Structures are given as structure tokens and as C-alpha cells.
1. Being in contact (Cβ under 8 Å) with a residue 60 or more places away in the chain, out of contact with any strand residue (DSSP E or B) (no Cβ under 7 Å at 6 or more places or on another chain) and either surrounded by 14 or more Cβ atoms within 10 Å (Cβ to Cβ) or not in a loop (DSSP other than H, G, I, E, B) (or both) is the filter here, so list the residues in the stretch 123-149 that pass it.
2. If I ask for residues that are surrounded by 11 or more Cβ atoms within 10 Å (Cβ to Cβ) and either on the phi > 0 side of the Ramachandran plot or within 16 Å of the chain's Cα centre (by Cα) (or both), which ones from the stretch 48-60 would you list?
3. What's the total number of residues in the stretch 71-114 that are assigned to a helix (DSSP H, G or I) and farther than 30 Å from residue 50 by Cα?
4. Could you tell me whether the stretch 38-53 includes any residue that is assigned to a helix (DSSP H, G or I), more than 30 Å from residue 127 (Cα to Cα) and modelled with pLDDT of 95 or more?
5. How about the stretch 104-121: which of its residues are free of Cβ contacts under 8 Å to residues at least 12 places away in the same chain and more than 19 Å from residue 58 (Cα to Cα)?
6. If you scan the stretch 111-122, which residues turn out to be loosely packed, with under 14 Cβ neighbours inside 10 Å and over 18 Å from residue 146 (Cα atoms)?
């Protein structure tokens, strides 16, 4: 009987402690909406597009050269010796390999540039989000844009996107 009373008292103390805690404060944000409204993102997109264009211009020149050499090969193939055909085919194949290599290199450099350009913007948004969370005393803030949105239901009153925008000085 003593053990039962002790167990019941412990249960009541633990139960009271659980109910005495403040309820969790939860909110959500749509990071896509936030980022697209930041003026820095528009400039970053423009800079990134210009950077990408320089690579595309190089690749376009190489492709025109590839097409020209391919057409010249097809036009003169019947009159070429086997040795000349091999040389021309190797030349065209080498050009194709350079184009592929340039495309791969451009993608890697573009990805690095994208990281470099967007990181300060992401850091600024993250800092503002954390400031809003601290000011409003939120326990959790979910990003509904992440991975297609992790929440299936949310009340509009818990959307802190506008608060974070205001913190960043965005209307």
C-alpha cells in the first residue's frame, strides 16, 4: 500500500509539472516567398545570369565550330582518303569532348558562384528569422517551402513570413 501511495504521489507531481509548462509556440514561414521578396535576390539572379551567359557564349562558339566542321566533313567525305577521314573524325571528336568538358566545368563553376552569391542573402534571412523567433518567443518555426512543405495544415495567424520581411525592411 505504501508503494502504491508513493507511486500515485510521484505520478501526480510529474503530471502537475507537465501541465504547469507553458504551451509550445509554433509558427511557419514560406522561405520561397521571403527570398523572392528580398531585393538582394533579384540582383544575385541578374549577376548569376550574366555569369552563366559568358559560359554559354563560349559554348555557342564551340558548337558553331563543331557544326561547321561536321558539315565540311560530310561534304568532303567521299573525296577524302581513309587517313584524312580519321584525322578529321578525330578532330571533330576532340572538339565534341572539349564542348562536353566545358559544359561540365561551367556547371560546376556556376554552382560555386550560386553558393557564393546566395549565401549572404540566406544568412541575412536566417538572422532575421531567428530575431523574430526570439522576439515573439516561438519554440518552433517550420518552413513550408522546404522539401515541398513539411506541414499539411497551418493557420494563417501563425505565418511569420511578414514579420521576417518587416525585420528585413521589405514591404
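1. Residues satisfying the conditions are 124, 125, 136, 145, 146.
2. Matches in the stretch 48-60: 48 only.
3. Looking only at that region, the number is 19.
4. yes
5. Answer for the stretch 104-121, where residues must be free of Cβ contacts under 8 Å to residues at least 12 places away in the same chain and more than 19 Å from residue 58 (Cα to Cα): 115, 116, 119.
6. Answer for the stretch 111-122, where residues must be loosely packed, with under 14 Cβ neighbours inside 10 Å and over 18 Å from residue 146 (Cα atoms): 111, 112, 116, 120.
The values are calculated or read from the model by the stated rules, or taken from the named source; none is laboratory data. As the structure is a computational prediction, the values presented were derived from the model and not from experiment. No Cβ is skipped: glycine too gets one built from the backbone with ideal geometry, and neighbour counts run over all protein chains shown.
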